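Down below is the structure, laid out as structure tokens.
The values are calculated or read from the model by the stated rules, or taken from the named source; none is laboratory data. Given the structure is predicted, the values throughout are model-derived calculations rather than measurements. Quick reminder, even Gly has a Cβ in these numbers, built from the backbone with ideal geometry, and neighbours come from all protein chains shown. Side chains are part of the model used for accessible areas, which takes the heavy atoms of the whole protein and leaves out ligands, DNA and RNA. Shrake-Rupley method; radii C 1.70, N 1.55, O 1.52, S 1.80 Å.
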Amino acid sequence: MWRAPRLTHAVDAAISVPGSKSLTNRYLVLAALADGPCVLRRPLHSRDSALMITALRSLGAVIDDIPGDGDFGPDLRVTPLPTGAHEPSARTVDCGLAGTVMRFVPALAGLVTGTTAFDGDPHARRRPMGAIIDALRGLGISIDDGGAGSLPFTIEGRGGVRGGRLVIDASASSQFVSALLLVGARFDEGLHLEHVGKPVPSLDHVRMTVETLRSLGVAVDDSVPDHWHVPPGPIPAFDVAIEPDLSNAGPFLAAAVVTGGTVRIRNWPSGTTQVGDAWRRILPSMGATATLDDGTLTVTGGPSITGGVFADTSELAPTVAALCALATTPSTLTGIAHLRGHETDRLAALAAEITGLGGRVEETADGLVIEPAPLHGGVFHTYEDHRMATAGAILGLAVDGVQVENIGTTAKTMPEFPELWAAVVSPATPSTTIESGARA
């Protein structure tokens, strides 16, 4: 149990946050497929990125730490997967709870020779995987999942993938689309991917994948809705700096909103494909101010938190829900049904844990309705979900006696969270990474 700090003062802090998990793992996959060595500068170092690195190494990529100027660990040099015929081998990939590993890496396993067994944490076996398993079969990749449509499964790679036209239902996760687009250029016939079914959730993440590919010179035609064309061809070697994780910046910005204080996030990009950039729109609608000036996003909380209607908040939803539980007016979160298939069923988990602290939360088919209610202390369970842990920390700022079960689960995408949180919410000695000072 981690006792969440309760504040009676307004925070006043400036911090840097680690690199984006979504971008780090996309660039790692592309580096493993590139036509020469690549460098990732200021990447994320967390459980999810470590699982991706280990998976790519097991397939034959060489990934080395090299000195860099980031605050949170070394840069990475990636020597791509070997090409051409080589002796078949057997390997195992531990996916943990990382959706990017369990969905992005299997197609790469079809490009190498030998058997690759995939498994992960117990909850990983309940995450949606049927669409990607069916897609791999449709591409001619041999995969044995015992008919379960989930982890664990085994892929028999033949050193190449035919590719071509493929129809999938990606309504359970945008990662099904991203997984195939990242590898499509390396298929013999490229990829013409078509989605059929309910709308693809979190399309911002698909746009991130498309723009990442284009930034490296890989052509992607998405001019027709629900169709993506990637012609066969090389993925040029690259040297790229990873943006800070704007979604993970959310809890720290929320601390400003809850306490009526100010938090500054350094190195905020002026243009980005990250969904976390929506904080600049969401937080002002809740009564805060947000200004981006010379690479620093400054958020200052208002006299109270205003609820509202928040659509398609995707991975930002747990932080938004925590703020809504402290708001003076009702709130509705919509368009996030797919969060039931994340690290845990986030809608059920948020409803249960906020209600357990005295809140009034109703689950809907695609979201939550949250009414104002006085909250009290208690245990806030995390379900091994990093965003549940940070949601509990936010509530603890305003509620006495909140204990977050397993704050260490934040290591999935931000191992430094407890230290950064302490620096933001309490006076600390300024450093090159953290500057904070309380104000009455």
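Taking region 29-142 and the helices (runs of 4 or more DSSP H) fully enclosed by it, the elements with 3 or more residues that are closer than 28 Å to F417 by Cβ and open to solvent by 30 Å² or more (accessible area, probe 1.4 Å) are at 47-59. You will find that of A4, A32, A50, A14, the residue that is in contact with a helix residue (DSSP H, G or I) (Cβ under 6 Å, 6 or more places away or on another chain), under 30 Å from A322 (Cα atoms) and hydrophobic (A, V, I, L, M, F, W, C) is A4 and no other. Taken over region 175-192, the criterion of being buried (at least 24 other Cβ atoms within 10 Å of the Cβ) and in a strand (DSSP E or B) is satisfied by L191 alone.
Against the test of being at pLDDT 95 or above and within 26 Å of F176 (Cβ to Cβ), the options L368, L357, L397 yield a single qualifying residue, L368. Scanning region 288-325 for residues that are part of a strand (DSSP E or B) and closer than 20 Å to K21 by Cβ gives a single hit, L297. Taking first residues from region 280-303 that are in contact (Cβ under 8 Å) with a residue 40 or more places away in the chain and more than 15 Å from V263 (Cα to Cα) and partners that are assigned to a strand (DSSP E or B) and aromatic (F, W, Y), no Cβ contact under 8 Å between residues at least 6 apart in sequence or on separate chains turns up.
Within region 193-214, not a single residue is at pLDDT 95 or above, touching a Gly at 6+ places or on another chain (Cβ under 8 Å) and open to solvent by 10 Å² or more (accessible area, probe 1.4 Å).
Of all residues in region 300-356, those that are under 23 Å from L375 (Cα atoms) and among the basic types (K, R) total 1.
Checked against the criterion of being under 23 Å from the mean Cα position of the chain (by Cα) and at pLDDT below 95, the candidates L333, L339 yield just one match: L339.
Got at least one residue in region 344-361 being of a type in the set (D, E), surrounded by fewer than 16 Cβ atoms within 10 Å (Cβ to Cβ) and farther than 25 Å from V200 by Cβ? Taking every residue of region 344-361 in turn, none turns out to be of a type in the set (D, E), surrounded by fewer than 16 Cβ atoms within 10 Å (Cβ to Cβ) and farther than 25 Å from V200 by Cβ.
Restricting to region 251-264, name every residue that is closer than 19 Å to F72 by Cβ and in contact with a Pro (Cβ under 7 Å, 6 or more places away or on another chain). Hits for region 251-264: nothing passes.
Only a single criterion out of (1) in contact with a Gly (Cβ under 9 Å, 6 or more places away or on another chain); (2) of a type outside the set (D, E, K, R); (3) in a strand (DSSP E or B) is not satisfied by L151, namely (3).
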